[in-house]
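Note sheet for the following structure.
Values in this text are rule-based calculations from the coordinates and carry no lab data. Note that the structure is predicted; figures quoted are calculated from it, not measured. Cβ: placed from backbone, ideal geometry, glycine included. Neighbour counts: every protein chain shown.
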Amino acid sequence: MKLPLNPIRSNGPARRELGVSLIVVMVMLLLGSIVVLGSTRVGWLNEKLVGNQGDYQRTFAAAEAVLRDAERDIKGLQNDGITPCNASAAFVGCRDFGSGRPFFPQDEDDLDTLKARIGSNVCLQGICLPATVTAFSSATFPDSLGTMTAGTGTAAIAATYGQFTGLTPAAVGNPLLTGASARAWYWVEVFHYESASGILNATANVPAPDMAHPFVYRITAYVQGQKPGSRVWLRSIFVPLPQNQNK
């Protein structure tokens, strides 16, 4: 008597092969997912780095624009470097001389008037009269930024782009300079030439001012980019009327 063939035994090797194939497919899918996730992360990191670099470059460009605007404010001239900001007798350069507001001194007599107007504030509307050249050292910038950029209107400590020169921030095409959300400020320290040796000795190629206008200005521009890590502050020494060039 012949026994029937056992179908389970005859199909055993095929089922074992099917199980091995399933494991191989799952491993390949897992490896593929890892590769895809890795590529996505690399792309995201590259995009983030490019975005950070672009924001920093925009922030630096805004800081340079603010420095130039501060120089125009000091000289009292419009963008062409010739036309006065305001020809009215009530103005000194770009600054309204009335209502006890600060202005950039033109001679030594003006310095006493400016001191009286700024008083104990040290800085007001972007014009500062520090006691020494080290009062606003670069080491204190991060701690003093909140204070320097506080206040609005006549109580503002720092100045903004175009606030006094009349230039339109939108014309620059930099969003950090425009509107209520502007993130750029400047302030100018006014030093009599005799008390400015500390900054003149440390800075090469700075001419002495004409003695009829014996002032040296240190400009600080600060811009906060749209990303928290994008911060730029620039400083420059400015002598608007150097010796033998007074017109």
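Numbers for the structure displayed
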item	result
FRET efficiency, 1/(1 + (r/R0)^6) with R0 25 Å, evaluated for residue 131 and residue 109 via beta carbons	0.75
Estimated inter-spin distance, residue 238 and residue 120, nm [label 7 Å along Cα→Cβ]	3.0 nm
Sorted peptide list for 60-67, 122-129, criterion being average Cβ within 10 angstrom, highest first	122-129, 60-67
Relative packing of 106-116, 228-238, which averages over residues the other C-beta atoms within 10 Å, highest first	228-238, 106-116
Equivalent ellipsoid dimensions for region 50-238 as semi-axes, Å, which come from the Cα gyration tensor, largest first	26, 20, 16
Using θ = phi - 60° and Karplus 6.51 cos²θ - 1.76 cosθ + 1.60, couplings along region 123-129 (whole Hz; Gly, Pro as x)	10, 7, 6, x, 10, 10, 10
